[in-house]
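What follows is a set of notes on a single structure, which appears directly below.
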Amino acid sequence: MSPALDIRRVRLEDAEALLAIYRPLVEETAVSFEMQPPDLGEFQDRIRQALTQWEWLVAVADGQVSGYAYGTAYRPRAAYRYSVEVSVYVHPNRQRSGIAEALYRELLGRLKALGYCNAYAGIALPNDASIALHRKLGFAPVGLFRQIGWKFGCWHDIWMWHLRLGER
């Protein structure tokens with residue numbers, strides 16, 4: 001039975017629950033290239049920044065914050081202003097339940113409505129589940145950055161994916 005799912009815009013009071021999802025990914029995996037998890041204040045600042053011109057969504061399943069997805073600047077230079085980088089994270093107990101797909105579909109629709117034309121996602125390898133999700137949503141691979149991140153005593157690759165959201 002699938003959970004009752006509500007997808008809504010993030011609120012600052014969600015930061016602690018979202019950080020609880022993100023922290024283990026930083027501390028235990030190469031999914032994130034951060035070396036130390038941000039503290040609550042820094043995470044709240046990230047939320048504030050994302051809401052200035054992009055989007056950040058939260059999935060609540062059966063009353064519990066279960067995942068989040070957001071878009072931010074692809075790169076800071078003005079010529080990139082119609083492109084966004086997107087990410088999605090789901091609580092380990094809720095993975096493979098359709099939450100990531102639902103979050104991404106809503107996020108991508110909202111980013112398109114805001115006038116963004118391109119969405120990019122970087123996938124730290126290996127990550128078969130993320131690759132399958134991005135393929136399912138229509139993303140296509142555009143480049144492999146070999147040995148771009150050093151974490152846990154070894155090099156990690158990032159596979160960049162692209163989805164055309166619309167025309168300017």
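What the table shows:
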read-out: Hits in the range 93-117 (condition: of a type outside the set (S, T, N, Q), part of a helix (DSSP H, G or I) and more than 15 Å from the chain's Cα centre (by Cα)); value: 94, 112, 113
read-out: Top-ranked residue of the range 39-83 - restricted to ones that are assigned to a helix (DSSP H, G or I) and of a type in the set (A, V, I, L, M), ranked as nearest to residue 24 (Cα to Cα); value: 40
read-out: Failed criterion for residue 139 (all others in (1) free of Cβ contacts under 8 Å to residues at least 12 places away in the same chain; (2) over 30 Å from residue 13 (Cα atoms) hold); value: (1)
read-out: Hey, residue 10 over 29 Å from residue 148 (Cα atoms) and surrounded by 18 or more Cβ atoms within 10 Å (Cβ to Cβ) or not; value: yes
read-out: Any pair with Cβ under 9 angstrom, 6 or more apart, that starts in the range 152-168 at a residue that is without any contact (Cβ under 8 Å) to a residue 24 or more places away in the chain and ends at one that is surrounded by 15 or more Cβ atoms within 10 Å (Cβ to Cβ); value: 154/30; 155/149
read-out: Among residues of the range 119-144, those that are assigned to a helix (DSSP H, G or I) and either over 13 Å from residue 86 (Cβ atoms) or among the acidic types (Asp, Glu) (or both), counted; value: 6
read-out: Enumeration of residues in the range 99-138 that are hydroxyl-bearing (Ser, Thr, Tyr) and farther than 14 Å from residue 160 by Cα; value: 104, 116
read-out: Positions within the range 145-168 being of a type outside the set (S, T, N, Q), loosely packed, with under 13 Cβ neighbours inside 10 Å and not in a loop (DSSP other than H, G, I, E, B), in sequence order; value: 146, 150, 154, 155, 164
read-out: Which listed residue is touching a residue at least 60 places away in the same chain (Cβ under 8 Å), aromatic (Phe, Trp, Tyr) and surrounded by fewer than 18 Cβ atoms within 10 Å (Cβ to Cβ), from 70, 82, 89; value: 82
read-out: Flag for residue 27 being acidic (Asp, Glu), within 24 Å of residue 128 (Cβ to Cβ) and at pLDDT 95 or above; value: yes
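The values are calculated or read from the model by the stated rules, or taken from the named source; none is laboratory data. The shown structure was predicted, so the numbers you read here are calculated from the model rather than taken from an experiment. Don't worry about glycine lacking a Cβ; one is built from the backbone with ideal geometry, like all the others, and counts go over all protein chains shown.
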